[in-house]
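First comes the structure, then the notes that go with it.
The values are calculated or read from the model by the stated rules, or taken from the named source; none is laboratory data. Nothing here was measured: the structure is a model prediction, and the numbers come from that model. Ideal geometry is used to build each Cβ from the backbone, glycine not excepted, and the neighbour counts take in all protein chains shown.
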Amino acid sequence: MSVFSLHEYLPANTPEETYISLPALQASISTHYARVTKTTRNLQDEFIIFTSVPSSIITTLSTSPHILQDAVLWASNTASSRIILKLQSPLLGVAKTVFVASLKAKLDKMGVLSDLVSLGAKSIKTGASGKAPDAAFRPRDKSGSSETARPDRDADMDPDWPSIILEVGFLETGPPALRASARWWLENSSGEVGVVVLLFVHAAQPRVCVETWEFRPPGPLACKVQEVIVEKRENGRTGEKREKGVAVIGAPMKIPVQKVLPKKAVNGGENIVFDEEDVRSLARDVWIQQGYWEIEAKET
């Protein structure tokens, strides 16, 4: 799958604009950011396609992602002069921040946090194409070390390919694009990407969904291996566990440590585990941002 075939999976009516200048691009980001932030409608504004973008500008955006302010360079291609930006709304930002903090806390408890390097939303290059996640980590010991490189690795591959990736989107419109993105990451990294986590937030209802994507033998294709759903509702369903009106389906979520840190011996177990309370806490923080959950006073 080429990086720009991803545009086929974008929400219907995704805005498409012709690049004029960098200030004009930044102004457009601000306009669409306001639209997607202030309403549960206009969710197609989460993505913006720009055409006729000079290769020099694509390079600048790839190496200096802060220029994009409230967006990431979700996909780019210098040969076609096209980019796709993905907006980072406050709601999705909360979801990302809480998940990353929880992941880092678990890695720290396992004693391996220092073995990983945070890449943030760094764009990863492969030929004329590039792609950026919402957050990513790579093993620290692969930096500048030919001994850790895979034997089948392309010599021209970006040295910063991550081992774990997070992408966040709206549940109403994001799944097709982000699932295609997960497949792209796994199938284009020559095995460097071990797991992709997709985090979906429903903009109009108290519902959060987390998916993990990996390669699973015997097939050569990436696939979804786990899904956890957290909902705030009155009526329960068979097989779900509830606490204070919150239903959790599919927990615990387990991320194999060897997918994140290949060949690393870890004393804390074989998996990074997100239990029911972890995903429930993540959902509560998102719902507080949405106004679906009141902050409870701490007991004294």
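Restricting LEU43, LEU73, LEU25 to those that are under 18 Å from the mean Cα position of the chain (by Cα), at pLDDT 95 or above, outside the structural domain of PRO176 (by TED's automatic domain parsing) and within 22 Å of SER181 (Cβ to Cβ) reduces the list to LEU73. Every condition in (1) assigned by TED's automatic domain parsing to the domain that holds LEU103; (2) at pLDDT below 95; (3) not charged (D, E, K, R) holds for THR126 except the one numbered (1). Could you tell me whether PHE50 is in contact with a strand residue (DSSP E or B) (Cβ under 9 Å, 6 or more places away or on another chain) and at pLDDT 95 or above? Taking the combined requirement at face value, the residue satisfies it.
Do we find that GLU17 is over 28 Å from TRP293 (Cβ atoms), charged (D, E, K, R) and outside the structural domain of LEU198 (by TED's automatic domain parsing) in this structure? For GLU17, the condition - over 28 Å from TRP293 (Cβ atoms), charged (D, E, K, R) and outside the structural domain of LEU198 (by TED's automatic domain parsing) - is met. The set of residues in the range 1-54 that are small (Gly, Ala, Ser), outside any loop (DSSP other than H, G, I, E, B) and over 21 Å from GLU167 (Cβ atoms) comprises ALA24, ALA27, SER28, SER30, ALA34. Being over 17 Å from the mean Cα position of the chain (by Cα) and buried (at least 19 other Cβ atoms within 10 Å of the Cβ) is true of TYR33. Taking the range 205-253 as the range and being assigned to a loop (DSSP other than H, G, I, E, B) and either modelled with pLDDT of 90 or more or surrounded by 19 or more Cβ atoms within 10 Å (Cβ to Cβ) (or both) as the test, the residues that pass are GLN205, PRO206, GLY250, ALA251, PRO252. Of the listed requirements (1) surrounded by 14 or more Cβ atoms within 10 Å (Cβ to Cβ); (2) in a helix (DSSP H, G or I), VAL72 misses just one: (2).
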